[in-house]
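A short worksheet on the structure shown next.
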Amino acid sequence: MSAAFLCRTRAVLQKPLVTSVRNTSSKAFVATTSSESQSNHSWRYNSNNFASMAAAGLAIGSAAIAAAAAVTLCDGQPTSSQKRERKVTAESYIQATSPEHLLKQAHSELTAEEERLEEAALKAKKHGGGLKLFSGNGNMGLSLEIAKILGINLGKATVGQFADGEVNVQIHENVRGKDVYIIQPTCPPVNNNLMELLLMVSTLNRASARRITVVIPYYGYARQDRKMQARVPISAADVARLLEAMGIDRVIAVDLHCGQIQGFFGPRVPVDNLDGGIVGIDHFGSMDLHNPVIVSPDAGGVYRAKKFKEGLAHKYEMNDIGLAMIIKQRARAGTVDKMDLVGDVADCDCILVDDMIDTAGTICQAAAVLKEKGARRVFAFASHGLLSGPGNERIANSVMEECVILNTIPSSPQREANEKLVVLSVAPLLAQTIFNIHAKKSISALFK
């Protein structure tokens with residue numbers, strides 16, 4: 001049977017078959033609407049009609065198959081234009097289902113300004129889980145550095161003073177249901193910074209923040225941690241009670257003056273006391289030290305010096321590091337009467353390790369004692385450089401080669417002019433701690 005014959009057969013078969021179906025359908029419809037008196041005749045008549053419809057359906061199906069075969073044979077092989085259309089369609093389909101191609105195409109069509117805005121949007125979505133970062137006026141430079149490392153912006157807030165000196169706090173962002181972190185050291189002016197911190201906590205609680213964590217790089221009143229004489233307050237505990245009464249949920253601090261301050265907060269307020277010494281370990285580990293000896297300037301700091309020694313030995317494989325201690329006798333607060341050295345420092349590079357340097361009287365006198373005992377070079381490291389009063393000048397005129405501090409307290413032009421003073425940043429440590437807490441990860445892993 002030829003292809004031309006099948007093409008002509010399709011046209012001939014379709015017309016009568018459709019007519020037959022139409023006639024049969026109309027008769028069946030009339031039969032269903034007839035009276036009950038003619039039911040027996042209608043049933044026989046309809047049975048014949050349904051048989052006719054079934055035969056017609058079979059005929060239509062056969063005709064359709066024949067027609068499809070005829071069309072295929074009539075069309076023959078696809079033309080070159082049809083092949084090109086099919087090829088283009090296939091290529092388009094592959095491109096549409098390739099995410100890499102679509103992303104590449106979208107980026108190629110963006111201008112430089114649009115790409116910058118897209119990167120900013122991705123940064124904004126990076127911490128879409130509700131992390132908010134606010135800062136008082138205690139150390140704005142450190143807060144900006146932490147925010148930059150985290151890839152977010154500082155929260156919009158007004159923290160200032162009214163004309164009469166009262167603290168003015170206003171939050172300009174929605175913090176409902178957010179995890180808020182406040183960065184505010186209670187360094188000088190201590191009372192102003194402390195009041196700013198308390199009122200910021202109160203404001204955020206009244207704004208329905210879900211959780212409030214205070215980041216206190218320097219904890220003021222920390223040295224008044226016990227009653228050394230009659231009729232004096234335990235100010236470190238009183239500050240903890242004030243913060244807890246305001247409704248804080250967590251505290252992050254750097255090198256508290258003494259570890260028991262963590263116990264001044266209740267069990268519902270966990271305290272993370274970060275070891276700032278790991279920042280100094282990296283600094284001194286890169287130096288060429290000869291017979292290094294870690295020295296504690298007082299008996300209370302021996303544990304801190306021991307941890308510094310162990311960290312330096314573990315990270316930089318210095319197995320020959322010594323440990324020494326200076327016992328000081330104070331005549332009164334801020335004045336040292338006598339110093340005695342426990343240990344050997346002859347022909348050694350000594351590193352004095354302390355938590356803070358206030359007026360620098362103790363650290364400079366300790367450096368002089370080490371030099372008298374035959375020390376080769378004397379360095380100093382402290383997490384908090386208060387440098388109150390003559391502290392900066394004393395360091396500049398001391399026998400120390402270098403005094404290293406962290407930026408937990410804001411710097412000043414006088415400090416920057418001091419060639420013996422080296423300031424390291426604690427922002428990476430604090431930023432990683434904030435991130436780990438927000439992501440519910442371990443903090444102790446940062447110090448291993």
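The values are calculated or read from the model by the stated rules, or taken from the named source; none is laboratory data. No experiment lies behind these values; they were computed from the predicted model shown. Here Cβ is always computed from backbone atoms with ideal geometry, including for glycine, and neighbour counts include all displayed protein chains. Note: areas computed on protein heavy atoms with side chains; ligands, DNA, RNA excluded. Shrake-Rupley method; radii C 1.70, N 1.55, O 1.52, S 1.80 Å.
What is the residue count in the range 133-185 for residues that are outside any helix (DSSP H, G or I) and closer than 19 Å to residue 272 by Cβ? Final tally of qualifying residues: 12.
Residues of the range 267-302 being of a type outside the set (A, V, I, L, M), in a helix (DSSP H, G or I) and either closer than 18 Å to residue 448 by Cβ or more than 32 Å from the chain's Cα centre (by Cα) (or both), which ones? Talk me through it step by step, then tell me what you get.
Taking the range 267-302 first, the residues of a type outside the set (A, V, I, L, M) are 267-268, 270, 272-273, 275-277, 280, 282-286, 288, 290-292, 296-298, 300-301.
Next cut, in a helix (DSSP H, G or I) only: 277, 280, 282-285, 300-301.
Of everything in the range 267-302, those that are of a type outside the set (A, V, I, L, M), in a helix (DSSP H, G or I) and either closer than 18 Å to residue 448 by Cβ or more than 32 Å from the chain's Cα centre (by Cα) (or both) turn out to be 277, 280, 282, 285, 300, 301.
Residue 436 passes every criterion in (1) without any contact (Cβ under 8 Å) to a residue 12 or more places away in the chain; (2) open to solvent by 30 Å² or more (accessible area, probe 1.4 Å) apart from (2).
Taken together, 409, 434, 405 contain a single residue that is among the hydrophobic types (A, V, I, L, M, F, W, C) and in a helix (DSSP H, G or I), which is 434. Taken over the range 412-431, the residue count meeting the criterion of being at pLDDT below 95, touching a helix residue (DSSP H, G or I) at 6+ places or on another chain (Cβ under 9 Å), in a helix (DSSP H, G or I) and surrounded by fewer than 17 Cβ atoms within 10 Å (Cβ to Cβ) is 1. The set of residues from the range 242-266 being touching a residue at least 24 places away in the same chain (Cβ under 8 Å), small (Gly, Ala, Ser) and in a loop (DSSP other than H, G, I, E, B) comprises just one member, 247. Condition check for residue 184 on (1) more than 24 Å from residue 385 (Cα to Cα); (2) in contact with a strand residue (DSSP E or B) (Cβ under 7 Å, 6 or more places away or on another chain): one failure, at (1).
Here residue 214 does not fit the description of being modelled with pLDDT of 95 or more and touching a helix residue (DSSP H, G or I) at 6+ places or on another chain (Cβ under 6 Å). If I filter the range 376-395 for residues that are open to solvent by less than 60 Å² (accessible area, probe 1.4 Å), within 20 Å of residue 328 (Cα to Cα) and in a helix (DSSP H, G or I), do I get at least one hit? Yes; the residues of the range 376-395 include at least one that is open to solvent by less than 60 Å² (accessible area, probe 1.4 Å), within 20 Å of residue 328 (Cα to Cα) and in a helix (DSSP H, G or I).
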